[in-house]
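Colleague: Mind having a look at this structure? Questions to follow.
Bear in mind that the values in this text are calculations on the coordinates, not laboratory data. Computed from a predicted model, the values in this text were never measured in an experiment. Ideal geometry is used to build each Cβ from the backbone, glycine not excepted, and the neighbour counts take in all protein chains shown.
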Amino acid sequence: MLKPLRLLLSLFLLGASGLATAAEATAVVETLHSALLDTMKNASTLGFKGRMEKLSPVLDSTFDFQAIAKVVTGRHWQSLAEDKRQAFIKAFRELSLATYADNFSGFGGEHFETLGHEQKKNSELVRTNIVTGDAKRVSLNYVLTKNGDEWHIVNVVAEGVSDLALKRSEYDGIIAAEGIDSLVAKLNGKVASYVAAGK
Amino acid sequence: MRFYSGTEPLGWNPDIMKKESVTRSLIALGLTALLGGCATSQTNTASNDPWEKPNRSVYNFNDSLDRNFFVPVAKGYVWATPKPIRASVTNAFENVSYLNVIANNLLQAKFTGAAAGTGRFLVNSTVGIGGLFDPATSMGLPLSDEDLGQTFGKWGMGEGRYVVLPFYGPNSARDLPNVASAMALNPLTYLTAAVTVPLGVLQTINMRANLLEETNIRDQAALDPYTFVREAYRQRREFLIYDGNPPSESIDDYLNSSDEPKAADESSVLKVY
């Protein structure tokens, strides 16, 4: 008599916890989106530097750069000394920030829509669109993983093109041919050119 | 807000400039059948790019031609031509190439898609004045993206070797036959050179102009443009084959098990959609 009740209860709890994680992961993505939208709307008053400053804490709270660094350096991560890892993470984070500040540099009536989510074994996939002013939809999907209690974004897939996979392929060749220092220098060079061109 | 969609600068379609294109398409079909054969028997490396060396040479050739010739011409065209006119040029070339889209809807057993595509083609060709305007989209008949490479993918064929074609840009053994089918199903192919040559020039310049922002993003973002373009192309194709909803492959295994992914998994591990 108790058994089916317990089963029901545990099923209910399981379902509830599933919902909770999904909601949390989705909330992380929506936090990023609302910050991006705000940045776009105030793009010109903020300026490039201002957009970077505004997005800096947002990216830190929504992305897991440590996990991302591990993935994009792939087979090389294991053999990297701690200081090299930190230098890479720092440069990579700066570049992500500069790229966002550059790409979200104006407002043309865009908005974001959250389409849904899928639970994976240890990650959560959140599907969204960015809708342009003339109603074109760009698919933007996020992969999040849980680190401790919090969900963080580890990958962004725009129109089917995975940011991490792209970078991983590029970085692998550069680390193999020229070493991690050269890669870090190149990332810093990209940041510098974004900053120089940034309005 | 801007994104790199994986569409490539030198991915234009100069086919209609060639008068003898039907014979050419047959030769190309035969060639690609051969390539396809090779592709299935080779051992697949992580990025399907055993021809990386020659591919890089062709990429560099295309890139320098692009920067020194096509980009300046495309910029001049953008400067000289009002936006609505460029939109109409794009519409018209899209419309005239639509038989290939319809045929590939049929080949993939997407009958609703084929019907909608036929409706779109008819509406835009008539009400839309030869495809210059696109009233079909607002009638619920949106532009769809199908081609023979996607059909082969749907049928289960592997992507085959990655290949960079001179002038034409990124391609793969699986996608090559579409070059021929797009040509054969484009009515412009069968017109005289006096018409097709200038139209081909216009199409090429217009297409390049449409991609100026994409290539800006590539130039800003890529550390190794060749690899960047290759991976974007391959992922984009996968995305299109599954109509925007590829089966998810999880990054879980990598993130949680080991710091040392197997080389062969590299591209699949992170392709989450």
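Colleague: To the nearest 500 deg cm²/dmol, what mean residue ellipticity at 222 nm is calculated for chain A from DSSP H runs of n ≥ 4 alone, each contributing -39,500 (n - 2.57), summed and divided by the residues? Intermediate values should be presented prior to the final figure.
Modeller: Values: 6 runs with 125 residues, N = 199.
After summing the helix terms and dividing by residue count, I get -22000 deg cm²/dmol.
Colleague: Expressed in nm², what is the orientationally averaged projection area of the convex hull enclosing the Cα positions of segment A:86-199?
Modeller: Values: hull surface 36.0 nm².
Averaging across all directions leaves 9.0 nm² for the Cα convex hull.
Colleague: Also: Which pairs in the list A:Lys41/A:Lys167; A:Lys136/A:Lys190; A:Lys41/A:Lys136 are over 26 Å apart, alpha-carbon to alpha-carbon?
Modeller: Details: A:Lys41/A:Lys167 29 Å; A:Lys136/A:Lys190 29 Å; A:Lys41/A:Lys136 19 Å.
As for pairs spanning more than 26 Å Cα to Cα, those are A:Lys41/A:Lys167; A:Lys136/A:Lys190.
Colleague: In peptide B:223-234, what is the residue-averaged number of other protein chain Cβ atoms found within 10 Å of each Cβ?
Modeller: Details: counts 12, 8, 1, 2, 9, 5, 1, 3, 8, 8, 1, 4.
If you average over the peptide's residues, the count of other-chain Cβ atoms is 5.
Colleague: Could you order the peptides B:111-118, B:86-93 from most to least packed, using the average number of other C-beta atoms within 10 Å per residue?
Modeller: Details: B:111-118: 16.5, B:86-93: 19.6.
Listed from highest to lowest mean packing, they are B:86-93, B:111-118.
Colleague: Extending each Cα 7 Å along its Cβ direction at A:Ser44 and B:Lys75, get the distance between those two points in nm, one decimal.
Modeller: Between A:Ser44 and B:Lys75, the simple spin-label model gives 2.4 nm.
Colleague: Right, something else. When you look at the Cβ of every residue in A:166-179, what mean number of other chain Cβ atoms sits within 10 Å?
Modeller: Working: counts 13, 7, 7, 13, 10, 3, 6, 6, 3, 0, 0, 1, 0, 0.
Neighbouring Cβ atoms belonging to other protein chains average 5 per residue here.
Colleague: With a sphere of radius 14 Å drawn around the Cβ of A:Gly50, what net charge do the other residues whose Cβ falls strictly inside it have (Lys, Arg +1; Asp, Glu -1)?
Modeller: Details: positive: A:Lys41, A:Lys49, A:Arg51, A:Lys54, A:Lys199; negative: A:Asp38, A:Glu53, A:Asp102.
Value of the local net charge: +2.
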